[in-house]
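Below: one structure, written as structure tokens.
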Amino acid sequence: MSPRKIIIDTDPGQDDAVAILLALASPDEIEVLGITAVAGNVPLPLTAKNARIVCELAGRTDIPVFAGCDAPLARKLVTAEHVHGKTGLDGPNLPDPTMPLQEMHGVDYIIDTLRSAPANSVTLCPLGPLTNIAKAFNDAPDIIEKVQEIVLMGGAYFEVGNITPTAEFNIYVDPEAADIVFKSGVPITVMPLDVTHKALVTQPRNDAFRAIGNTAGIAVAQMTDFFERFDKEKYGSNGAPLHDPCVTAYLIRPDLFTGRHINVEIETGSDLTLGMTVADWWGVTDRPANATFMGDIDADGFFALLTERLARL
Ligand code: BDR
Ligand code: CA
């Protein structure tokens, strides 16, 4: 089978970085057409820079990287330096990128790429707030039929929230964008906190990354060393969750994940529960299913895959 064509939309972020590295290390399964940066974990100039740092870390200066939206559709940007550090990629000491940022706006790139693609042929992989994707769908609704699937990291049901008691960061930052995407009619696969909080980088797993011995493996170990302090303190867990790599791992090994095809709505009205993913896990409404909402992961299989692929870089 030919590799699946994807656009990665991202706000790197150490876990975004690992997701991108996993995709770039897996050319048999995944063809990365381009990467669009969005404001999220840190402001846009940093996410656009970090995306290029990660491409260079993978030796892939040929991947076009675009800057997209610098703020949510209708709200002020909320960032997460408290998790990811001032640069968004704190941990390893990586050189500034030398590859250029593309001139075209990231949203225009998404529109142009989809317009020139056959129907159902490109998968979108959002790893941050859904601003770029929603703006592209709003500006050019004709592209929606070109999308094969959206596989995204965002939301939560049993885990409820991480940035507020009821909301996960990516959805909370731009709930209006998330609402547009979840109502778009495109097949959506969601990696919520329910899954990603089971993908914990324990010490032996991080030792395995470091033991690969290549630049990518060591950098990933150092990134994880940095951002695990936050989750360990907050949840008392024994490692940091690798949220975003669940998206790219799913494209390679969907069998590692299980979930339910259910209705998911986004709260955009209430201040108290803004950005909540109201997931009808138990089927108590007759609202139509619009997303496959994952609930579980084979974490050992996931880390074995990651370690094996990072070793290829
Ligand atoms: C999500 O928010 C960001 O901080 C991470 O990169 C991930 O995409 C987890 O809630
Ligand atoms: Ca992210």
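Exactly one residue among A219, A211 is more than 30 Å from A119 (Cα to Cα), among the aliphatic types (A, V, I, L, M) and without any contact (Cβ under 8 Å) to a residue 12 or more places away in the chain, and that residue is A211. Taken over the range 229-260, residues that are within 16 Å of ligand 2 (Cβ to nearest atom), β-branched (V, I, T) and touching a strand residue (DSSP E or B) at 6+ places or on another chain (Cβ under 6 Å) amount to 1. Count of the range 193-235 residues, restricted to those that are among the aliphatic types (A, V, I, L, M) and over 24 Å from G295 (Cα atoms), is 9.
Here are some residues: L33, L57. Which one is within 18 Å of G106 (Cα to Cα) and in contact (Cβ under 8 Å) with a residue 40 or more places away in the chain? One residue alone meets the criteria, L33. Residues considered: P126, P64, P97. Of these, the only one that is touching a strand residue (DSSP E or B) at 6+ places or on another chain (Cβ under 7 Å), more than 16 Å from ligand 1 (Cβ to nearest atom) and not hydrophobic (A, V, I, L, M, F, W, C) is P64. If you scan the range 135-155, which residues turn out to be within 15 Å of the chain's Cα centre (by Cα) and away from ligand 2 (no atom under 14 Å from the Cβ)? Selection gives E149, I150. Filtering the range 152-164 for residues that are β-branched (V, I, T), surrounded by 19 or more Cβ atoms within 10 Å (Cβ to Cβ) and either more than 16 Å from ligand 1 (Cβ to nearest atom) or in contact (Cβ under 8 Å) with a residue 24 or more places away in the chain (or both) leaves an empty set.
Checking T258, T248, T277 one by one, the residue that is surrounded by 16 or more Cβ atoms within 10 Å (Cβ to Cβ), hydroxyl-bearing (S, T, Y) and under 24 Å from I6 (Cα atoms) is T248 and no other. Do we find that F169 is surrounded by fewer than 18 Cβ atoms within 10 Å (Cβ to Cβ), within 23 Å of T196 (Cβ to Cβ) and not polar (S, T, N, Q) in this structure? So F169 fails the test. Restricting to the range 247-278, and then to whatever is of a type in the set (A, V, I, L, M) and assigned to a loop (DSSP other than H, G, I, E, B), can you tell me which residue is nearest to Y157 (Cα to Cα)? Result: M276. In the range 184-196, of all residues being of a type in the set (A, V, I, L, M) and assigned to a helix (DSSP H, G or I), the one that is farthest from ligand 1 (Cβ to nearest atom) corresponds to V195. Scanning the range 245-292 for residues that are out of contact with any helix residue (DSSP H, G or I) (no Cβ under 6 Å at 6 or more places or on another chain), aromatic (F, W, Y) and closer than 22 Å to I20 by Cα yields a count of 1.
Of all residues in the range 9-47, those being assigned to a helix (DSSP H, G or I) and within 14 Å of ligand 2 (Cβ to nearest atom) number 13.
Would a scan of the range 73-87 turn up a residue that is open to solvent by 20 Å² or more (accessible area, probe 1.4 Å), within 14 Å of ligand 1 (Cβ to nearest atom) and either touching a Ser or Thr at 6+ places or on another chain (Cβ under 8 Å) or farther than 18 Å from G128 by Cβ (or both)? For the range 73-87, residues open to solvent by 20 Å² or more (accessible area, probe 1.4 Å), within 14 Å of ligand 1 (Cβ to nearest atom) and either touching a Ser or Thr at 6+ places or on another chain (Cβ under 8 Å) or farther than 18 Å from G128 by Cβ (or both): absent.
Restricting the first member to the range 1-28 and to residues that are over 19 Å from G88 (Cα atoms), and the second to residues that are of a type in the set (S, T, N, Q) and open to solvent by less than 10 Å² (accessible area, probe 1.4 Å), the beta-carbon pairs closer than 6 Å and six or more apart or on different chains are R4/T123; I6/T123; A23/T248. Entry remark, the range 197-244: residues being within 16 Å of ligand 1 (Cβ to nearest atom), surrounded by fewer than 16 Cβ atoms within 10 Å (Cβ to Cβ) and among the acidic types (D, E) number 1 in total.
The values are calculated or read from the model by the stated rules, or taken from the named source; none is laboratory data. Predicted model, so just to flag it, every value in this text is computed and none were measured. All Cβ positions, glycine included, derive from the backbone under ideal geometry; neighbour counts span all protein chains shown. Accessible surface areas use protein heavy atoms only, side chains included; no ligands, DNA or RNA. Shrake-Rupley method; radii C 1.70, N 1.55, O 1.52, S 1.80 Å.
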